[in-house]
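Scroll down for the structure; my scribbles are underneath it.
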Amino acid sequence: MRRSSRNGLATLLVLAALLLAQSAMAQKRIIYIQDQANQAAYDTVVRALLGTAGATIGGVTISGLGYQVIIVQQLADPAVYTAADGDLLWVSQSIGSANVKNHTADVIPIVNTEQALNDGAAADIARNEMHFGTGEGARDLITDWRIVNNTHPITSIFPLGVVRMFQLHPTGVAQSGAFTGPAAGVTVLCESSSVAADKVLGIADRGATPLVQAGLIAGADPTPARRVCLGFHEYSANNFTTSGAYLLQRVAQWAIGDPVTAGQPVVVTPPAAPSGLTATLAGNGVLLSWTDNSNNETGFKVERKTTATAYVEIAQSPSNSYLDNTVVVGTTYTYRVRATNTVGDSAYSNEVTITALPNLAIHRWTYYTK
């Protein structure tokens, strides 16, 4: 019996060792091209979400996907990557886009976060772009994306409409890269919440065509592996919301060919009410400012009344201020605002009352004597 027990234990140990070895061999590898000088500023959270470390965002602990992240400094990458090198090529938005080697024909999947397109211009010839459209660009202060397709595995946990993907950087910096004029082989999943023509998340599955359009430099068409254009940029990378972090992870899982399981269904609720509404005279108008207490609004509804009229909505503002330049001098106005999104409206802010006064210019007279 003892010998049998020992043999059984030895067998279990051998099996366990084999399983561990197979697990280590099965760990998929992401080749992560970045600018080494900018890695602390731009890539820390992204690499943690893709690798094993994970990250805490908004008080929520998000586990890493467990991939092996192999960091490669830009321009140190070889001309061509194959499946022997890794399972996914990730182009960081930290790189200098004019100096990146072109991997559009590589046979491994690519996720590109550095802009969107190689349009054939001299400055773009070396860029690792994927011919997703006819134009490209970047938008500042973009924190919200609009989900336009949630039938795809990447976006299936999100509701259609605006979802906040990033928090504004403390210095007021945020940016999304975008492509315009999507190619026929590209499926657009997200666009900018402010400019619908700016597509910020698009995918092309293996075999997609046509991606190389007239006037664009040579690439792979049909594509030999999955391609993703994920247009977050600049300081947005270290300022994800939980929704943004889960979207990034789901992009990686889909591109690399794994089941897309990161995150959980995102439920959009009405936004919280703004507060601290103030009104000040500004020229011949009234400047309103308030505190934004929500992270999921699509804008703010501004309402106004006089002593003789009921409240009427006069504008919708995308930010937490509004200049009312339609006032009549000598009239007293009362204002209130509320946040809104695709689900509904928040409660109202406090009310504020002000009387419009003329813009009194101060004239300086100069007298001359003889």
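The values are calculated or read from the model by the stated rules, or taken from the named source; none is laboratory data. Predicted, not measured: the structure shown is a model, and the values here were computed from it. Because the Cβ atoms are built from the backbone with ideal geometry, glycine has one as well, and the counts that use them run over all protein chains shown.
Quick rundown of the values:
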| quantity | calculated |
| --- | --- |
| Residue satisfying condition, being at pLDDT 90 or above and farther than 27 Å from residue 150 by Cα, within set 310, 245 | 310 |
| Count - residues of the range 14-30 that are among the basic types (Lys, Arg) and either loosely packed, with under 13 Cβ neighbours inside 10 Å or at pLDDT below 90 (or both) | 0 |
| Residue match in the range 31-41 (condition: within 26 Å of residue 236 (Cα to Cα), at pLDDT 70 or above and of a type in the set (Val, Ile, Thr)) | yes |
| Residue 349 being under 31 Å from the mean Cα position of the chain (by Cα) and free of Cβ contacts under 8 Å to residues at least 40 places away in the same chain | no |
| Those strands (runs of 3 or more DSSP E) lying entirely in the range 281-344 with at least 2 residues outside the structural domain of residue 165 (by TED's automatic domain parsing) and in contact with a Lys or Arg (Cβ under 6 Å, 6 or more places away or on another chain) | 299-306, 312-317, 332-340 |
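For every residue, the table says whether it meets (1) at pLDDT 80 or above; (2) of a type outside the set (Lys, Arg); (3) closer than 19 Å to residue 103 by Cα.
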{"position": "160", "(1), (2), (3)": "yes, yes, no"}
{"position": "167", "(1), (2), (3)": "no, yes, no"}
{"position": "202", "(1), (2), (3)": "yes, yes, yes"}
{"position": "215", "(1), (2), (3)": "no, yes, yes"}
{"position": "229", "(1), (2), (3)": "yes, yes, yes"}
{"position": "234", "(1), (2), (3)": "no, yes, no"}
{"position": "237", "(1), (2), (3)": "no, yes, no"}
